[in-house]
1. Out of the residues in segment A:118-153 that are more than 7 Å from chain B (Cβ to nearest Cβ) and part of a loop (DSSP other than H, G, I, E, B), which is surrounded by the most Cβ atoms within 10 Å (Cβ to Cβ)?
2. Checking the structure you have, find out if any residue of segment A:75-83 is open to solvent by less than 100 Å² (accessible area, probe 1.4 Å), within 11 Å of chain B (Cβ to nearest Cβ) and either within 27 Å of the chain's Cα centre (by Cα) or not aromatic (Phe, Trp, Tyr) (or both).
3. Checking B:Glu263 against (1) over 27 Å from B:Pro63 (Cβ atoms); (2) more than 11 Å from chain A (Cβ to nearest Cβ), which single condition isn't satisfied?
4. Does segment A:222-237 contain at least one residue that is assigned by TED's automatic domain parsing to the domain that holds A:Val171, open to solvent by less than 30 Å² (accessible area, probe 1.4 Å) and part of a loop (DSSP other than H, G, I, E, B)?
5. Scan segment B:118-141 for residues that are open to solvent by 60 Å² or more (accessible area, probe 1.4 Å) and more than 7 Å from chain A (Cβ to nearest Cβ) and jot them down.
6. Conditions: (1) within 8 Å of chain B (Cβ to nearest Cβ); (2) open to solvent by less than 50 Å² (accessible area, probe 1.4 Å); (3) closer than 21 Å to B:Phe123 by Cα. A:Leu58 meets all but one. Number of the miss?
7. Every residue in segment B:155-176 that is free of Cβ contacts under 8 Å to residues at least 40 places away in the same chain and closer than 26 Å to B:Ile84 by Cβ, please.
8. Check segment B:82-90 and report whether any residue there is part of a helix (DSSP H, G or I), among the aliphatic types (A, V, I, L, M), more than 7 Å from chain A (Cβ to nearest Cβ) and closer than 20 Å to B:Phe287 by Cβ.
Amino acid sequence: MSDVFVVNEKAYRAKKILTNVASYAFLALVALIILVPFYWMLLTSLKSQLLMEEIPPLLWLKPSQWELSNYSSLFALVQSGPRAGSPLFPFFTYLRNTVVVSIITTTGTTITTILAAYAFARLNFKGRDIVFAILLGTMMVPGEIFILTNFLTIAKLGLYTFDQTYGQVLVAMTVPFMTSVFYTFYLRQTFKQIPNELYYAAKVDGTTDFGYLLKVMIPVASPTIVTIIILNSMGAWSAYVWPAMVTMKDEFRLVSNGLRGAFTDTGSGRTDFGQQMAAATLVTVPLLILFFTFRKQIMRGVSRSGIKG
Amino acid sequence: METKNNWKAWLYLAPMLLLMSVFTFYPLINAFIISFYKGYRPLQNSIEGFTLLGNYLLILRNPLFWNAMKNTFVIAFISVPVSIFLSLAIAVGLKSIPKLNKFFQTVFFLPYVTNSIAVGMAFAVMFHKNYGLINAILERLGFAGRIDWIGGTSSWWTQMVALLIFTVWESLAFKILVFTSGMQNIDKQYYDAAKIDSASKWTVFRRITVPLLSPIILYISITSMIGALKAYNSVIGLFGVKLGNPSNSMITIVAFVYKYRAELASPGYYSYAAASAIILFIITVIFSLIQGAVSKKRVHY
């Protein structure tokens with residue numbers, strides 16, 4: 001009897017090891033496929049024009065072959081054309097704009113979201129459920145519908161003119177995005193988990209609603225709020241359509257906008273892949289740094305919230 | 001005590017509702033109004049009259065719109081099921097391994113935190129006829145004759161394949177994460193019971209994992225369908241503002257909206273943009289309703 005058991009145990013173990021190996025092989029293959037585009041981006045950014053044009057393409061480079069001029073040439077000034085006098089890819093200007101827009105939008109969004117989530121989670125008022133349902137309903141509407149009129153609103157407010165100032169650009173880029181139904185919904189869930197007893201106890205102590213929000217709700221919900229802040233700040237990094245739409249000048253745009261098109265010679269139609277990938281790398285690296293710094297918060301936030309912002 | 005909060009609650013909601021009335025509710029209504037204008041000049045704010053369906057009919061007679069519809073639907077109907085299936089398989093794989101889970105999870109999540117346009121450009125280089133990695137691999141595997149995937153002599157098919165691969169690559173991250181955390185919430189008892197019955201892995205997957213994950217699968221399939229119907233940045237990243245070879249061959253509905261929106265000086269074009277955005281809205285609503293209805297019977301809560 002015990003013999004049979006041992007045989008089974010062995011077979012079971014062998015099978016388990018085999019499926020483990022298969023699982024690891026499969027996951028490693030997927031990981032490779034996920035990583036390859038990043039590798040190819042970096043590799044291409046380090047290739048000189050000569051190595052770039054080798055067929056079949058070189059799959060790796062020795063450090064002595066690394067060509068950093070692709071990066072430095074991004075900052076060389078354009079000689080002719082409409083963009084003459086400005087760097088080929090003004091990364092640091094875009095970076096500054098993106099960070100500024102990100103900070104303003106996130107500050108606004110966090111404040112409006114906390115206030116609204118508090119009202120929905122803690123306060124009782126007529127029409128609460130209807131208003132909440134209507135807000136959730138707007139999440140279904142494609143953003144393109146809003147953009148059409150929002151652009152006209154910005155133009156009507158005199159924010160989109162030939163002599164547009166940086167301040168006007170910032171208002172145009174941030175104010176329409178200073179709130180989020182989704183984060184309100186997400187934060188409301190967290191607020192709701194805070195026991196009512198705390199609220200009543202605070203009331204007995206004479207704490208106002210706003211004091212309770214500041215002193216109890218926000219500290220208790222701070223992990224969720226931090227997640228909202230991080231996820232929201234990443235939004236400006238991939239914003240493409242709106243910043244291009246409401247800016248008159250190149251120097252006001254965000255990182256995504258300068259990427260496409262700047263590296264194709266309008267005369268010959270040839271694209272400098274080395275420079276293009278150097279710019280793409282510059283745009284990708286800060287996001288990855290942010291990700292690895294806040295990996296836990298980001299992954300927890302996304303998996304709990306379950307929606308791409 | 002609670003009812004006294006009425007006016008106070010509205011005060012808390014005021015910043016959000018104020019912003020949303022200007023930038024969400026008014027634009028939503030206004031989009032419908034614009035779509036009924038005739039000869040609308042947005043910057044002068046002048047119109048030549050009204051039409052109920054005129055702009056919609058013009059769009060439906062525009063071959064470019066049907067090209068956009070075709071591309072959008074191909075993207076949605078292929079990339080969504082493929083990426084759901086793949087990410088389920090990956091999540092199951094992640095669950096079955098004893099070590100390195102965190103490492104793999106982190107790697108798989110990377111596409112989520114990258115810029116669509118930057119990575120799309122990297123894919124464009126990978127799909128380059130002469131200098132790309134894809135053809136280099138194919139050649140090494142014995143497929144002679146380099147394919148022009150996305151270049152000047154490429155076909156609709158090869159461009160679509162490249163776009164689909166990029167789209168799936170990009171959309172796996174989020175799904176893997178959500179499925180993995182969903183699986184962690186499945187009660188271990190079910191798996192233990194299956195083990196006692198010595199059920200095969202496939203049976204466990206079909207009879208336990210999928211049914212118990214079904215609310216999440218439904219949710220993911222609806223949201224990613226809506227997301228896929230709005231494909232745009234990925235197309236810009238991979239093909240640039242030309243939107244494919246020849247121009248506009250990879251146009252999507254959203255790209256169609258933006259194309260007509262940009263023609264501010266041409267009277268009436270803004271209304272086409274509005275009408276096509278509303279058509280997109282209607283399509284997403286229909287999809288969500290169908291998916292909701294179909295899955296009602298199949299989803300276990």
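The values are calculated or read from the model by the stated rules, or taken from the named source; none is laboratory data. Treat the numbers as computed from the prediction; the structure is a model and nothing was measured. We place every Cβ from the backbone using ideal geometry, glycine too, and count neighbours over all the protein chains shown. Just the protein is used for accessible areas: all its heavy atoms, side chains included, with ligands, DNA and RNA removed. Shrake-Rupley method; radii C 1.70, N 1.55, O 1.52, S 1.80 Å.
1. Only one residue tops the list, namely A:Met139.
2. Checked against the condition, which is being open to solvent by less than 100 Å² (accessible area, probe 1.4 Å), within 11 Å of chain B (Cβ to nearest Cβ) and either within 27 Å of the chain's Cα centre (by Cα) or not aromatic (Phe, Trp, Tyr) (or both), segment A:75-83 yields no hits at all.
3. Of the numbered conditions (1) over 27 Å from B:Pro63 (Cβ atoms); (2) more than 11 Å from chain A (Cβ to nearest Cβ), the odd one out for B:Glu263 is (1).
4. The answer is no; no qualifying residue exists.
5. Residues satisfying the conditions are B:Lys129, B:Ile137, B:Arg140, B:Leu141.
6. The single condition A:Leu58 does not satisfy is (1).
7. Within segment B:155-176, B:Trp157, B:Thr158, B:Val161 meet the criteria.
8. yes
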